[in-house]
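Here the structure comes first, spelled out in structure tokens, and everything after it is commentary.
The values are calculated or read from the model by the stated rules, or taken from the named source; none is laboratory data. Not measured: the values here are computed from a predicted model. Glycine also receives a Cβ, built like all others from the backbone with ideal geometry; neighbour counts cover every protein chain displayed. Note: accessible area is taken over every heavy atom of the protein model, side chains too, but ligands, DNA and RNA are not part of it. Shrake-Rupley method; radii C 1.70, N 1.55, O 1.52, S 1.80 Å.
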Amino acid sequence: MDCIFCKIVKGELPSKKVFESEQIVAFHDIQHDAPVHILFIPKKHIPSMNDITAEDADAISEIHLAIKKVAKELDIHESGYRIVNNCGNDGGQLIPHLHYHLLGGDKLGPLNAK
Ligand code: 5GP
Ligand code: ZN
């Protein structure tokens with residue numbers, strides 16, 4: 001499948017990984033929208049939030065626990081951070097493989113920025 005994030009999962013494309021388990025992986029975003037910008041993805045190719053099912057609940061849950069762990073390791077757990085999922089065209093989703101952005105390390109702007 002011609003999916004950038006599936007290729008990262010398989011190691012066919014390089015990435016700076018910060019967390020990996022059987023079901024999920026987290027790595028630095030190639031561009032930094034904040035001093036800390038990490039992407040968390042399920043290893044399974046799920047195109048978007050619209051496509052998650054009950055069978056994905058473990059992976060989605062694990063992503064939340066990994067976010068907490070990585071935020072602590074990167075020392076932004078007390079200063080604070082933001083989790084973003086862009087879904088579909090209006091949501092600004094560019095890569096059609098479910099992912100959550102962890103943004104932090106600076107005071108972030110308003111959530112409803114266009
Ligand atoms: P989206 O707009 O789909 O929510 O976010 C996709 C994110 O993937 C963007 O922040 C973009 O910088 C990041 N990205 C795109 N291609 C690559 C890549 O090859 N490697 C990494 N690490 N990040 C990527
Ligand atoms: Zn994929």
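How high is the relative contact order of the chain, in percent, counting Cα pairs under 8 Å that sit 6 or more residues apart?
About 30 percent, as a whole number.
Just to be sure I understand the model, the point goes 7 Å from the Cα along the line to the Cβ. What's the resulting Lys69 to His28 distance in nm?
2.0
Carbon and sulfur together cover what percent of the accessible area of the stretch 2-51 at a 1.4 Å probe radius? Write down the numbers at each step before the final one.
Numbers: 1450 of 2840 Å².
For the stretch 2-51, the apolar C and S fraction of the accessible surface comes to 51 percent.
If you count, for each residue, the other Cβ atoms within 10 Å and average over each peptide, how do 87-98, 59-70 line up from highest to lowest? Can you show the working numbers first?
On the way: 87-98: 13.7, 59-70: 16.9.
Highest mean packing first, the order is 59-70, 87-98.
For helix 57-73, what angle does its Cα long axis make with the longest principal axis of the chain, in degrees from 0 to 90 and rounded to 10?
30
Leaving out ligands and nucleic acids, and using a 1.4 Å probe, what accessible area per residue does the chain come to in Å²?
63
For a quick check, take a GNM of the chain with Cα springs below 10 Å and name the residue from Ala71, Ala34, Ala57 with the largest mean-square fluctuation.
Comparing Ala71, Ala34, Ala57 in a Gaussian network model of the chain, the most mobile one is Ala57.
Could you give the dipole magnitude of the chain about its Cα centre, charging the beta-carbon of Lys and Arg +1 and that of Asp and Glu -1, in debye to the nearest 20?
220
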